[in-house]
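Reviewing the structure listed below.
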């Protein structure tokens, strides 16, 4: 009811009553009620709910270097020295106000931001950085980025300067140390005994924008850190991180508007999410990395390049993209490049190169290599059939669908392939130790193509069969590849780096150490019902997924409540 309607319905007696009430209010004010009348009711805290990883229940673990760490710890509580936008490689100061990478790429110096405090009020100084880096280099269990292999010495000339000397030229140190190592408070962590990766850090003290407000195994709630260095930030008062045991339960909560930000694989997302609230429900899937068909190069037939070529020719990546990945993941580029890096780094001879299924040519390649098709329609050589299984995590429904499509394609080309679904633990163990034929999984992303190639192809990221390989699961062991990777890492010249990337593209295209399938995105759904300022195609200021760390901090610091 409007004010005008109210007064139209007010009779004379009512007006007298209102006058008396107003007179009483004036008297109360004169008697000292003025203080209470000027008090403002506290604004109700605005709250954002994010979901990153499926879990039955959270352990109370806020250790940024623990495999059981709670989502959000890395970035929201513990921070890095630099802010590196892995979508385009842009670097901004963060806990460090500036940095200098030496021209020979053999040292890096960080100048720390002034007047930064830990959430308990203690100052953040070079002593904390020195402690953190020494802890990581002396304890492999917490050295998640592998800086121990390249850091020779760390020194702190003064309270706001840290110099890191390397044992070899290595320009990626800017990203892996500056952008991926989380600073720890010496005055707290120096009391930790034993293996630091096993410390649960139940009451974390960080420099980040949030503190732990409350914890249960089903819900973690973070609240603004009043000592955070950026005035007025964050504008999101509270972050809730609920536990969801499955993708389905998280998707249902998202559809009901109970989640503001997540990173789910949602079939037919335009109908099942966006259409429910076209004004507020959004998604954006920028390219992150490649999904690969890893082939075990230590065993026949995959140690034969012609077989690898035939397998690649047999695959219909358009079907894998459209049917297996609901069109969210475009067919991979043969070079292994993804996203904007295709424009920035593609070699001229590969500018128009695309994968194309050619079953007939696959057969010609095999027959030229001595394989003969039997009466059963499958190829064999020296009495051994061309047959193998593709391992996949049973719970990855899209990858299972991808494998089923590939098996159909391969069998049509005379290659007897089967799918072997496994638990995640069994799959990881098989892939890492080399006890498999072929398997499907993603690659390691980073701000330039170097990081995909480094993880995929460097020999030191491999291991003998039976030992765990960090990322080179196919076990590509090639001195020429290592030399190129070293050449990139040793140079600070962008032109040299670009030429090196192009040479690595040639290895990917011509030698097929692993077979690219699709370009995997950063999965990302968000609602603008309560907050605006999210990253999108027009504002790609951070990798947007709710499980991309520490990038979630940059996203939350850019959000503003809807007025």
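The values are calculated or read from the model by the stated rules, or taken from the named source; none is laboratory data. Predicted, not measured: the structure shown is a model, and the values here were computed from it. Please note: Cβ atoms are built from the backbone with ideal geometry, for glycine as well, and neighbour counts cover all protein chains shown.
Things worth noting here:
- Take the conditions (1) in contact (Cβ under 8 Å) with a residue 40 or more places away in the chain; (2) under 25 Å from the mean Cα position of the chain (by Cα); (3) outside any helix (DSSP H, G or I); residue 492 misses just one of them, which is (2).
- For the range 426-445, the count of residues that are at pLDDT below 95 and closer than 30 Å to residue 492 by Cβ is nonzero.
- Test: residue in the range 229-237 that is surrounded by fewer than 18 Cβ atoms within 10 Å (Cβ to Cβ) and within 15 Å of residue 54 (Cβ to Cβ): no
- Residue 377 meets each of the listed conditions (1) touching a residue at least 24 places away in the same chain (Cβ under 8 Å); (2) assigned to a helix (DSSP H, G or I); (3) loosely packed, with under 15 Cβ neighbours inside 10 Å apart from (2).
- Residue among 83, 88 that is under 26 Å from residue 541 (Cα atoms) and out of contact with any strand residue (DSSP E or B) (no Cβ under 8 Å at 6 or more places or on another chain): 88
- Test for residue 218: is it modelled with pLDDT of 95 or more and over 17 Å from residue 53 (Cβ atoms): no
- Exclusive hit being closer than 28 Å to residue 70 by Cβ, outside the structural domain of residue 128 (by TED's automatic domain parsing) and not in a loop (DSSP other than H, G, I, E, B), set 213, 227: 213
- Some residue of the range 511-532 being free of Cβ contacts under 8 Å to residues at least 60 places away in the same chain, farther than 25 Å from residue 347 by Cα and assigned by TED's automatic domain parsing to the domain that holds residue 230: yes
- Residue check for residue 197: within 25 Å of residue 110 (Cβ to Cβ) and either within 24 Å of the chain's Cα centre (by Cα) or in the same structural domain as residue 246 (by TED's automatic domain parsing) (or both): yes
So that you can scan it fast, the table gives a plain yes or no per residue for (1) farther than 30 Å from residue 59 by Cα; (2) out of contact with any strand residue (DSSP E or B) (no Cβ under 6 Å at 6 or more places or on another chain):
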residue: 227; (1), (2): no, no
residue: 235; (1), (2): no, no
residue: 239; (1), (2): no, no
residue: 275; (1), (2): yes, yes
residue: 280; (1), (2): yes, no
residue: 302; (1), (2): yes, no
residue: 306; (1), (2): yes, yes
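- The set of residues in the range 473-486 that are in a loop (DSSP other than H, G, I, E, B), under 26 Å from the mean Cα position of the chain (by Cα) and within 18 Å of residue 501 (Cα to Cα) contains only 476.
- The strands (runs of 3 or more DSSP E) located wholly in the range 44-141 that include 2 or more residues which are surrounded by fewer than 20 Cβ atoms within 10 Å (Cβ to Cβ) and not assigned by TED's automatic domain parsing to the domain that holds residue 498 occupy 91-93, 96-101, 107-112.
- Filter result (part of a loop (DSSP other than H, G, I, E, B) and surrounded by fewer than 17 Cβ atoms within 10 Å (Cβ to Cβ)) within the range 186-208: 190, 191, 192, 193, 194, 195, 200, 202, 203
- Pair list, Cβ under 7 Å, 6 or more apart: the range 248-275 residue over 24 Å from residue 236 (Cα atoms), other residue part of a loop (DSSP other than H, G, I, E, B): 265/523; 266/273; 267/326; 268/326; 272/266
- Within the range 303-331, the residues that satisfy the criterion of being out of contact with any helix residue (DSSP H, G or I) (no Cβ under 7 Å at 6 or more places or on another chain), in contact (Cβ under 8 Å) with a residue 60 or more places away in the chain and farther than 21 Å from residue 387 by Cα are 321, 326, 328.
- Failed item in (1) surrounded by fewer than 20 Cβ atoms within 10 Å (Cβ to Cβ); (2) assigned by TED's automatic domain parsing to the domain that holds residue 380; (3) in a strand (DSSP E or B), with residue 300 passing the rest: (3)
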